[in-house]
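Report on the structure given below.
The values are calculated or read from the model by the stated rules, or taken from the named source; none is laboratory data. The shown structure was predicted, so the numbers you read here are calculated from the model rather than taken from an experiment. Neighbour counts run over all protein chains shown; Cβ positions are idealised from the backbone, glycine included.
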Amino acid sequence: MGSKKARKTDRRSVYTRNVIKDSLLSLLAEKDLADISISELCREAEINRGTFYLHYDNTSEVLDELFDDALKSAHSMLVQIGCEASSGSKKGYPLCRFIRDNDKYQALFFSDSLHSQIIERIAAFNMDSFLEHMRATTGLDDDVLTTLFYFQLNGCLAVTKRSITYHDGKWNDIQCTIDSFLKNGFDSLSK
């Protein structure tokens, strides 16, 4: 991670940072982060390099902020990763629903080159609450639960990426089937 210098937070600075982040998301939809230069990012954002460096030290800082933005937006949904369907008629894992409903972040969550990073960021954001909840209901040790968490999280991202273009009816059928499958699996492990 780059140095965390004091950043301006006035409206114009916030706007410029958002333009840079949106431009990086746009470029990530087309190519890997390693293939995106600062010059290309500046062209996409319609800013000069000096403006970029007023706000960020490198593209990794922009990416870190994008991860933070996405996970803050999804936080209340992500804490339910432990096989709990969301309430109401829209069944399905909250992370999957968040990604489906927020196409802005799909390039970030679906990037093959960033897959490991997004998995680790989501895990850092949610692992403790998952372990606490699952320890209480299953009695399994943390190593087994951590493995189940990663299995479920990787599956969630893969299924969401594969079925992102499905209409809501088909999407809900798939999610209900997965929910039922996982719920039965977790129930069978319960104390």
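Can we say T146 is out of contact with any Ser or Thr (no Cβ under 9 Å at 6 or more places or on another chain), free of Cβ contacts under 8 Å to residues at least 40 places away in the same chain and more than 20 Å from F98 (Cα to Cα)?
yes
Does T138 meet the test of being touching a helix residue (DSSP H, G or I) at 6+ places or on another chain (Cβ under 9 Å), surrounded by 13 or more Cβ atoms within 10 Å (Cβ to Cβ), modelled with pLDDT under 90 and of a type outside the set (A, V, I, L, M, F, W, C)?
Yes.
Could you go through the stretch 7-19 and let me know if any residue there is polar (S, T, N, Q), assigned to a helix (DSSP H, G or I) and at pLDDT below 95.
yes
Determine whether R17 is touching a His at 6+ places or on another chain (Cβ under 7 Å) and more than 17 Å from L114 (Cα to Cα).
yes
Looking at the stretch 96-153 only, could you name the residues that are more than 30 Å from L27 (Cα to Cα) and of a type in the set (K, R)?
Correct list: R135 only.
Could you say which residue among E84, E61, E44, E40 is surrounded by 14 or more Cβ atoms within 10 Å (Cβ to Cβ), at pLDDT below 75 and either acidic (D, E) or over 25 Å from L157 (Cβ atoms) (or both)?
Of E84, E61, E44, E40, the one residue that is surrounded by 14 or more Cβ atoms within 10 Å (Cβ to Cβ), at pLDDT below 75 and either acidic (D, E) or over 25 Å from L157 (Cβ atoms) (or both) is E84.
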